[in-house]
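Notes follow once the structure below has been shown.
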Amino acid sequence: SVERVIGPDSTILLDYMLDRMTRMMENLVVYPQNMMANLEKSRGMIYSEGILLKLVQKGLTREEAYALVQKAAFQVMDGKRDFMAVLLKDREILRHMKPAEIRRCFDLRHALRHVDEIFARVFGRQKAPKS
């Protein structure tokens with residue numbers, strides 16, 4: 001008897017979820033300037049993954065790279081300092097990365113480089129809206 005209930009209930013739930021998601025996406029309002037302001041509130045810590053990956057590419061183990069990035073991140077969280085500024089003054093980080101390499105990791109375009117491809121996969125051949 002469970003099979004007679006779960007089939008209809010599952011499809012009704014799926015219909016509800018798809019309808020709700022469709023309405024949400026149709027009525028979605030995006031404010032790019034607010035999105036950027038929210039990203040900037042992290043004081044650059046959104047780029048920590050790029051720094052970690054670059055350190056690993058330079059030959060550090062993931063654990064070593066994580067410890068260095070975490071140490072810098074704690075300095076940013078404790079005060080009003082900027083993540084890039086902390087990294088540029090960290091002697092241990094500078095032993096493995098040049099200042100120009102650190103600055104390149106803070107490029108938002110690099111983080112968003114696959115957005116058009118993702119939109120094409122999800123929504124067909126549409127491109128991401130340009131703002």
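The values are calculated or read from the model by the stated rules, or taken from the named source; none is laboratory data. Remember, it's a predicted structure, so these values are computed and weren't measured experimentally. Cβ sites come from the backbone with ideal geometry, for glycine too, and all protein chains shown count toward neighbours. Side chains are part of the model used for accessible areas, which takes the heavy atoms of the whole protein and leaves out ligands, DNA and RNA. Shrake-Rupley method; radii C 1.70, N 1.55, O 1.52, S 1.80 Å.
Looking only at residues in segment 69-80 that are in contact with a helix residue (DSSP H, G or I) (Cβ under 6 Å, 6 or more places away or on another chain) and not small (Gly, Ala, Ser), the one that is surrounded by the most Cβ atoms within 10 Å (Cβ to Cβ) is 69. Residues in segment 1-30 that are closer than 27 Å to residue 119 by Cα and part of a helix (DSSP H, G or I): 15 in all. Go through segment 31-76 and give me each residue that's without any contact (Cβ under 8 Å) to a residue 60 or more places away in the chain, part of a loop (DSSP other than H, G, I, E, B) and either among the aliphatic types (A, V, I, L, M) or under 24 Å from residue 100 (Cα atoms) (or both). Result: 41, 42, 43, 58, 59, 60, 61. All but one of (1) open to solvent by 50 Å² or more (accessible area, probe 1.4 Å); (2) aromatic (Phe, Trp, Tyr); (3) modelled with pLDDT of 90 or more hold for residue 123, so report the exception by its number. Status for residue 123: all satisfied but (3).
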